Each structure stands twice: as structure tokens, then as C-alpha cells.
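> Following this message is one structure expressed as C-alpha cells.
The values are calculated or read from the model by the stated rules, or taken from the named source; none is laboratory data. Quick caveat: nothing in here was measured; it's all calculated off a predicted structure. We place every Cβ from the backbone using ideal geometry, glycine too, and count neighbours over all the protein chains shown.
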Amino acid sequence: MSRLLDRVALVTGAASGIGAATVRAFLHEGARVVATDAVPIAWRTSDDRFVDLVHDVRRADQWHTAVATAVERFGGLDILVNSAGLNPGAAPSGRHDPEHVTLEHWRLMQEVNVEGTVLGCQIALPTLRRSSHAAIVNLSSVAAIIGVPANAAYGASKAAIWSYTKSLALHSAEGVATIRCNSVHPGGIKTATFRPLTGGRAGGIEAPHVPMQRYGEPEEVAAAIVFLASDDASYVTGAELFVDGGLSAT
């Protein structure tokens with residue numbers, strides 16, 4: 001398929017999970033991809049449409065390097081996917097409920113999840129404005145709209161990304177160089193960091209609390225990201241797409 005033929009994308013959090021699945025889906029759709037993560041990408045490919053970087057999303061200088069790499073290697077930037085982030089499974093040990101969460105843990109969640117996304121959007125915007133197909137997809141979560149009693153900081157960070165994306169969409173819709181900005185909200189997805197949270201099966205049903213009674217695959221979220229990044233979503237901005245098996249509808 002070629003929905004993203006010759007588009008240049010920058011995808012963070014690409015070492016595993018949803019980020020890795022997104023990079024693979026983008027390459028399948030014809031894109032050229034700068035894939036970044038805070039750790040080296042072990043699954044890296046020799047495809048000449050792929051380049052990887054070690055990248056801490058909290059650091060503005062490393063964001064500038066990532067964007068510059070897209071321009072130098074592939075001639076520009078059309079798509080930004082902010083997939084990097086900490087989730088509840090990656091939280092340090094301790095109690096993180098609303099009563100006991102420490103400011104240290106709270107700030108770490110906001111630094112990586114929210115500030116990393118904001119920095120990336122701010123630094124990429126000038127380059128994205130040169131594209132006639134510019135799109136930003138930010139990874140929020142179903143936790144943006146439901147409570148997360150065991151990790152209040154995570155839910156709050158994802159709600160902030162959701163709201164920020166709407167503000168960014170309205171800001172970026174003005175003028176000639178429109179940049180579409182949307183958020184994707186996964187539910188329980190089978191990634192390495194999520195598996196410890198799933199527990200055992202109940203009566204043979206993988207996820208009895210989810211209307212579809214199963215957890216999602218990273219590739220199912222990646223498919224939603226491809227849609228929002230492509231011209232199939234050319235009139236979609238400021239929207240949120242829940243990929244959660246119906247959990248947000250309950």
C-alpha cells in the first residue's frame with residue numbers, strides 16, 4: 001500500500017510497542033521514517049527509508065537534532081507522531097494513588113508524557129509548515145477520560161495531552177499552511193509494559209471489563225495512526241480516536 005508514499009515521518013517511542021508498530025506500518029505505507037527512543041532500537045531495519053536515533057523527549061536539543069535529521073536525510077518533515085511516554089506499568093515502585101502520589105513521580109509523568117509532547121510539537125511546527133500534507137498525531141489514552149486510581153499522575157498527563165492537542169489543532173488550522181493535529185486514545189494494548197497490569201484471565205475471557213472482551217494489539221493502534229496521518233483524514237483535525245475495544249463507551 002502507499003497511503004504515505006514519500007512522506008517523511010518522525011516517530012518517538014519507537015523501540016517497542018505502539019511506536020514500533022507505527023514505524024513498521026508507516027514503512028509499509030511508503031513513508032520514510034526517523035524512529036527515536038530513549039533506548040537504542042534493537043529491531044532496527046536496514047531499509048534506506050529508515051533511520052534511528054537515541055532521543056530523550058525531555059531535551060529540546062535532542063528534538064532539534066531529530067527534526068534536523070529528518071530534513072538532512074529525507075528532505076523535510078510531513079508527520080510527527082508523539083508516541084514516547086511512561087505508562088502505569090513503567091512507574092517506579094511505590095503508591096501512586098491520588099492520596100499518596102509523590103511530587104517526584106507526578107513531575108516525572110508530566111515531564112515525559114506532557115512536556116515531551118509539547119516540546120516536540122513546538123520544535124517540529126516550523127518544519128511541518130513547509131509540507132502540504134502536515135499532520136501531528138499525539139498518543140493520549142482512554143485514561144484521559146476515566147479515573148486511574150492506582151496512578152493519578154498518568155491519567156492526568158494523558159488528559160493534558162488530549163486538551164493540548166485540541167488547542168494545537170485550532171492554532172495550526174489558521175493560515176495557508178494547515179497542520180492537522182489529532183490524538184489517539186488506546187485502551188489496554190498488549191505491549192511489554194502493559195502486560196504486568198493485565199493479570200490473569202477471568203473465566204477464559206481475556207478482558208471481561210472491556211466490551212470486546214480482549215486487549216488490543218499494537219498494530220491496531222498503528223492502523224488508526226496511519227489513518228490520521230494520511231490524506232484519508234484530510235478534513236479531520238482536533239479530533240480524538242479511541243482504540244479501546246469500546247471501553248470509553250461504557
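> Just to verify a result, which residue in region 165-179, among those that are farther than 10 Å from L128 by Cβ and not in a loop (DSSP other than H, G, I, E, B), is nearest to the chain's Cα centre (by Cα)?
Per the criteria, the residue is T165.
> Looking at (1) assigned to a helix (DSSP H, G or I); (2) more than 12 Å from S157 (Cα to Cα); (3) free of Cβ contacts under 8 Å to residues at least 60 places away in the same chain; (4) touching a helix residue (DSSP H, G or I) at 6+ places or on another chain (Cβ under 9 Å), which is the only condition E104 fails?
Every condition holds for E104 apart from (4).
> Let me ask you something else. When you look at A160, is it under 29 Å from R7 (Cβ atoms), assigned to a loop (DSSP other than H, G, I, E, B) and small (G, A, S), yes or no?
So A160 does not fit the description; no.
> Which ones in region 231-246 are more than 13 Å from the chain's Cα centre (by Cα) and surrounded by fewer than 21 Cβ atoms within 10 Å (Cβ to Cβ)?
If the condition is that a residue be more than 13 Å from the chain's Cα centre (by Cα) and surrounded by fewer than 21 Cβ atoms within 10 Å (Cβ to Cβ), then D231, D232, A233, S234, Y235, V236, G238, A239, G246 are the ones that fit.
> Further, regarding this structure: Filter region 176-224 down to residues that are β-branched (V, I, T), surrounded by fewer than 21 Cβ atoms within 10 Å (Cβ to Cβ) and either at pLDDT 90 or above or under 19 Å from V148 (Cα atoms) (or both), then give me how many there are.
So the answer is 4.
> Looking at S46 and the list (1) over 14 Å from the mean Cα position of the chain (by Cα); (2) of a type outside the set (D, E); (3) in a helix (DSSP H, G or I), which single condition is not satisfied?
It is condition (3) that S46 fails.
> Restricting to region 115-130, name every residue that is touching a residue at least 60 places away in the same chain (Cβ under 8 Å) and over 16 Å from the mean Cα position of the chain (by Cα).
Passing the criteria: I123, T127.
> Would a scan of region 130-146 turn up a residue that is crowded, with 20+ Cβ neighbours inside 10 Å, touching an Asp or Glu at 6+ places or on another chain (Cβ under 8 Å) and among the hydroxyl-bearing types (S, T, Y)?
yes
> What is the number of the single condition among (1) of a type outside the set (S, T, Y); (2) out of contact with any helix residue (DSSP H, G or I) (no Cβ under 8 Å at 6 or more places or on another chain); (3) touching a residue at least 24 places away in the same chain (Cβ under 8 Å); (4) not in a helix (DSSP H, G or I) that V210 does not meet?
It fails just one condition, (2).
> Does R58 satisfy the condition of being outside any strand (DSSP E or B), touching a strand residue (DSSP E or B) at 6+ places or on another chain (Cβ under 9 Å) and either free of Cβ contacts under 8 Å to residues at least 60 places away in the same chain or not hydrophobic (A, V, I, L, M, F, W, C) (or both)?
Judged against the criteria, R58 is not a match.
The rows are residues; the columns are (1) aromatic (F, W, Y); (2) not in a loop (DSSP other than H, G, I, E, B).
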{"residue": "V33", "(1), (2)": "no, yes"}
{"residue": "T36", "(1), (2)": "no, yes"}
{"residue": "W63", "(1), (2)": "yes, yes"}
{"residue": "T69", "(1), (2)": "no, yes"}
{"residue": "L77", "(1), (2)": "no, no"}
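> A66: crowded, with 20+ Cβ neighbours inside 10 Å and within 18 Å of F194 (Cβ to Cβ), yes or no?
Against the criterion (crowded, with 20+ Cβ neighbours inside 10 Å and within 18 Å of F194 (Cβ to Cβ)), A66 does not qualify.
> If S131 satisfies every condition in (1) polar (S, T, N, Q); (2) over 24 Å from A42 (Cβ atoms); (3) not in a loop (DSSP other than H, G, I, E, B) but one, which is the exception?
(3) is the only condition that S131 fails.
> Among residues belonging to region 1-27 that are part of a helix (DSSP H, G or I) and not hydrophobic (A, V, I, L, M, F, W, C), point out the one that is farthest from R73 (Cα to Cα).
It comes out as G17.
> Still on this structure, please answer the following. Which of the numbered conditions does A150 fail, given that it passes all the others? Conditions: (1) over 27 Å from H171 (Cα atoms); (2) without any contact (Cβ under 8 Å) to a residue 40 or more places away in the chain.
Just one mismatch for A150, condition (2).
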